[in-house]
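Contents: one structure, followed by commentary.
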2 protein chains.
Amino acid sequence: MINIILNNEAVTMPYTKDHKNKTREKILESSFKLFALKGFEGVTVNELMKNCGLTRGAFYAHFSSKAELYSESLKFAASGTKLASFKPEDIPSKKWLALLLDEYLSLEHVRGEHTITCPLAFLATDINMQDDEIKSAYSDVYYGMNSTIMKYATSYTDCDQHDILSVTTMIIGAVAIARTLPDQESIMALLTACRREAGLKLGGI
Amino acid sequence: MINIILNNEAVTMPYTKDHKNKTREKILESSFKLFALKGFEGVTVNELMKNCGLTRGAFYAHFSSKAELYSESLKFAASGTKLASFKPEDIPSKKWLALLLDEYLSLEHVRGEHTITCPLAFLATDINMQDDEIKSAYSDVYYGMNSTIMKYATSYTDCDQHDILSVTTMIIGAVAIARTLPDQESIMALLTACRREAGLKLGGI
DNA sequence: TATTTAATATGATGTTTATCATATATTATA
DNA sequence: TATAATATATGATAAACATCATATTAAATA
């Protein structure tokens with residue numbers, strides 16, 4: 001169906017245009033989960049590929065290095081969170097922010113059971129062991145989160161940039177620390193405390 | 001000078017009683033700094049030992065594995081923080097808490113320039129890639145921080161356990177995230193926002 | 001169905017690294 | 001100063017792993 005003329009010769013295309021893109025996304029999604037769970041050094045290229053039904057051989061057709069995959073999967077995860085897929089028309093800002101807090105500060109999120117977990121909370125310190133490009137990807141995600149929340153919070157309350165910074169910092173810290181706690185009760189206590197506090201800060205939600 | 005009778009024979013003691021302890025502490029202190037900077041997987045036993053003027057050969061006379069050193073250095077760092085060395089008689093609780101926040105949320109701390117950095121902030125997610133004993137050491141440190149702050153905050157204000165949890169979570173998150181930010185200005189903005197917020201929460205300090 | 005070529009898999013390599021085995025250095029006492 | 005024993009250093013090993021080179025598979029067209 002599709003022909004590309006190259007050097008005056010017809011060249012066949014054995015795979016459909018976006019087969020590779022689909023595979024790439026599959027690798028990104030499943031890799032992010034493993035990275036979040038075990039850290040950059042804690043997982044091997046082999047494992048990452050096996051995790052999505054491929055072998056390490058296919059890897060270098062998609063990414064030039066493990067570090068590049070890490071960086072790309074970070075951006076991918078950020079774009080897939082509820083935060084990033086927010087549609088402002090769907091629902092009032094105030095209600096949406098409340099739902100966001102509920103989900104973000106949930107047991108399921110802490111346990112990594114959400115389809116996509118927040119890289120900010122799961123990889124906070126892992127990032128610092130990587131190079132500047134990765135750190136930069138991380139802080140971009142962080143500022144993105146802040147400006148989205150800021151945008152919708154200011155529509156119904158008068159909190160300023162400082163308030164938002166302190167709230168995002170707290171909820172990210174809450175999930176990161178909750179992951180280290182030994183039992184469900186301790187985790188819930190922390191999440192509940194931070195949920196209440198964040199709600200107050202964001203205009204009583 | 002010191003004789004120990006063992007199997008009816010006098011045994012000489014080539015090194016003074018606590019030479020080994022001193023060395024052990026030296027290893028713990030310098031290792032924690034490296035672990036905090038580069039993570040568990042990011043640093044080798046060789047580096048850790050070279051960092052305090054020894055070689056890898058001496059290592060296994062002090063610790064049975066790299067993981068054990070990690071766990072021990074975590075506890076060591078926690079015991080060495082300003083928080084742990086707090087003397088209640090020295091200074092009024094309120095003033096001391098204010099100083100603590102100032103130091104904790106300082107540029108120097110974020111840069112790792114303090115003699116001892118806070119393991120909670122520097123290793124938050126690195127911990128989750130380790131085994132349960134290490135996670136347990138981490139959460140012990142976290143709860144220790146909470147109860148110390150709680151103890152002194154309640155002496156002059158009426159905040160409850162939930163308030164303390166949300167404050168500690170925020171300041172730990174603040175330092176962890178600040179470390180990922182690209183420039184001093186961004187770091188200061190975050191630290192300042194959280195310093196203000198924490199001060200309000202802890203009775204206006 | 002044959003052909004072409006992209007996608008994926010398998011095999012191989014060189015390096016890094018935790019840990020072990022053994023040798024050397026150091027120092028408190030006799 | 002000689003001795004004994006601990007502390008430290010050096011040498012060796014085996015496993016793990018990222019990446020490269022090469023082979024196989026599979027699918028779109030003629």
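In the protein assembly as shown, taking the dipole from charged Cβ atoms about the Cα centre, the farthest positive-side position among B:MET188, B:SER139, A:ASN46 is held by A:ASN46. Inter-copy label distances at A:SER79, shortest first and taken from points set 7 Å along Cα to Cβ: 5.0 nm.
Show me the GluC sites (Glu not before Pro) within segment A:110-193 that DSSP assigns to loop and that have at most 10 other Cβ atoms within 10 Å of their Cβ.
Working: sites: A:GLU113, A:GLU133, A:GLU185; in loops: A:GLU113.
Answer by residue number: A:GLU113.
Between the Cα long axis of helix B:184-201 and the first principal axis of chain B there is an angle of about 70°, rounded to the nearest 10.
On the accessible surface of segment B:81-201, probed at 1.4 Å, how many percent belong to carbon and sulfur atoms?
Numbers: 2490 of 4850 Å².
That share works out to 51 percent.
For chain B, which longest stretch is free of loop sites, where a loop site is one of the chymotrypsin sites (Phe, Trp or Tyr not before Pro) that DSSP puts outside H, G, I, E and B and that has at most 11 other Cβ atoms within 10 Å?
On the way: sites that count: B:TYR15, B:TYR60.
Longest site-free region, per DSSP loop and neighbour criteria: B:61-205.
Compute and list, largest first, the equivalent-ellipsoid semi-axes of segment A:64-205 from the alpha carbon gyration tensor, each √(5λ) rounded to a whole angstrom. Walk me through the numbers on the way to the answer.
On the way: eigenvalues 119, 73, 37 Å².
The three semi-axes for segment A:64-205 are 24, 19, 14 Å.
Spatial offset of segment A:23-59 relative to segment A:176-201 amounts to 30 Å, using the alpha carbon center of each. Per residue of peptide B:125-133, the mean number of Cβ atoms on other chains within 10 Å of the residue Cβ is 6. Rounded to whole numbers, the Karplus 3J(HN,Hα) couplings from phi for segment B:65-75 are 6, 4, 4, 5, 4, 4, 4, 5, 5, 4, 5 Hz, using 6.51 cos²θ - 1.76 cosθ + 1.60 with θ = phi - 60°, and x at Gly and Pro. Here B:LYS66 is the anchor, and the aspartates and glutamates within straight C-alpha reach of less than 16 Å, apart from those fewer than 8 places off in the same chain, are A:GLU41, B:GLU25, B:GLU29, B:GLU41, B:GLU47, B:ASP126, B:ASP131, B:ASP132, B:GLU133.
How charged is the neighbourhood of A:PHE40? Take every other residue with its Cβ under 10 Å from the Cβ of A:PHE40, and add Lys/Arg as +1 and Asp/Glu as -1. After counting each charged neighbour, the total is -1.
Relative to the longest principal axis of the Cα atoms of chain A, helix A:161-178 runs at roughly 70 degrees. Taken one residue at a time, the phi angles of segment A:142-157 give Karplus couplings (6.51, -1.76, 1.60, θ = phi - 60°) of 4, 5, x, 4, 4, 6, 4, 5, 4, 3, 7, 5, 5, 6, 9, 9 Hz. Gly and Pro are set to x. Using alpha carbons only, how many degrees (0 to 90, rounded to 10) separate the axis of helix B:19-38 from the longest principal axis of chain B? Computed tilt is about 40 degrees.
Could you run the numbers on buried accessible area between B and A, total for both chains, 1.4 angstrom probe, in Å² to the nearest 100?
3400
Projected onto their three principal axes, the Cα atoms of the protein assembly as shown cover extents of 94, 55, 38 Å, largest first. Scanning chain B for trypsin sites (Lys or Arg not before Pro) that sit in a DSSP loop and have at most 13 other Cβ atoms within 10 Å, the longest stretch containing none of them is B:112-205. Inter-copy label distances at B:ASN21, using a point 7 Å along Cα-to-Cβ, come to 6.7 nm with the shortest given first.
Between B:ALA67 and B:HIS162, the simple spin-label model (points 7 angstrom out along Cα→Cβ) gives 3.9 nm. Loop-located GluC sites (Glu not before Pro) in segment B:69-106 (DSSP state not H, G, I, E or B) with no more than 11 neighbouring Cβ atoms inside 10 Å: B:GLU89.
Remark: label point of A:SER64 defined 7 Å out from Cα along the Cα-Cβ vector; separations to the same position in other copies 4.6 nm, ascending. Computed about the Cα centre, the dipole magnitude for segment B:11-73 is approximately 180 debye when only Lys and Arg (+1) and Asp and Glu (-1) carry charge, each at its Cβ.
Please compute the per residue accessible area over chain B with all protein chains in place, 1.4 Å probe, rounded to a whole number of Å². Mind dumping the intermediate values first?
Numbers: 10070 Å² over 205 residues.
Roughly 49 Å² per residue, with all protein chains present.
Contact with the other protein chains removes 10 Å² or more of accessible area, compared with the isolated chain and a 1.4 Å probe, from these residues of segment A:134-150: A:LYS135, A:TYR138, A:SER139, A:TYR142, A:TYR143.
If the only charges are +1 at each Lys and Arg Cβ and -1 at each Asp and Glu Cβ, what is the size of the charge dipole of the protein assembly as shown around the Cα centre, to the nearest 20 debye?
Details: 44 positive and 50 negative charges, 70 e Å.
Dipole of the protein assembly as shown, to the nearest 20 debye: 340 debye.
When only the Cβ of Lys, Arg, Asp and Glu is charged (+1, +1, -1, -1), the dipole of segment A:81-201 relative to its Cα centre reaches about 320 debye.
The values are calculated or read from the model by the stated rules, or taken from the named source; none is laboratory data. Since we're looking at a predicted model, the values are computed, not measured. We place every Cβ from the backbone using ideal geometry, glycine too, and count neighbours over all the protein chains shown. For accessibility, only protein heavy atoms count, side chains too; no ligands or nucleic acids. Shrake-Rupley method; radii C 1.70, N 1.55, O 1.52, S 1.80 Å.
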